[in-house]
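Undergrad: So that we are looking at the same thing, I have put the structure below in structure tokens.
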């Protein structure tokens, strides 16, 4: 078993806030992608940085993926109406959205592991003129809520089509206080 690398929190926080890329962070701190993910998770879980600060850089380079570069769009939107969500390949396991932004979301009721990527579907025919919004998202943090035993996970959207992003924006407006 290899020794764990110690990274100065103050230094890495300054670099993240300065906009250093994941690749540059990995090089500077001699971290693997898994090590960097672990550092990110610890910074978020300990409330040193917000999810938006840590995962502010889009990761996908698919041609049909939208890159959101206006930081003012990143604010948490808490749902005022219950909305369902499920994994595309496991539609029988339905979770619910807790909060949502154009870059990420918190899901209750779907088991997850940090670093796991999922294809999510939000059924929305009762809210919008489209049956569903589909996208891919990576789990940034996950845990089981004490007392309820329910899984709660935070995800960064890694891939979403232009059309789905437009409907996601509309859904956020309809279902939130934001």
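The values are calculated or read from the model by the stated rules, or taken from the named source; none is laboratory data. Nothing here was measured: the structure is a model prediction, and the numbers come from that model. Glycine gets a Cβ as well: all are built from the backbone with ideal geometry, and neighbour counts include every protein chain shown.
Undergrad: Can you find a residue that is surrounded by fewer than 18 Cβ atoms within 10 Å (Cβ to Cβ), modelled with pLDDT under 90 and touching a strand residue (DSSP E or B) at 6+ places or on another chain (Cβ under 7 Å) anywhere in segment 114-127?
TA: Yes, some residue in segment 114-127 is surrounded by fewer than 18 Cβ atoms within 10 Å (Cβ to Cβ), modelled with pLDDT under 90 and touching a strand residue (DSSP E or B) at 6+ places or on another chain (Cβ under 7 Å).
Undergrad: Tell me which of these residue 133 doesn't satisfy, since it passes every other one: (1) under 18 Å from residue 50 (Cβ atoms); (2) buried (at least 21 other Cβ atoms within 10 Å of the Cβ); (3) free of Cβ contacts under 8 Å to residues at least 40 places away in the same chain.
TA: Unmet condition: (1).
Undergrad: Another question, then. I need the full set of residues from segment 1-47 which are in a loop (DSSP other than H, G, I, E, B) and either touching a helix residue (DSSP H, G or I) at 6+ places or on another chain (Cβ under 6 Å) or farther than 21 Å from residue 155 by Cα (or both), in order please.
TA: The answer is 1, 2, 3, 4, 5, 6, 7, 8, 18, 30, 31.
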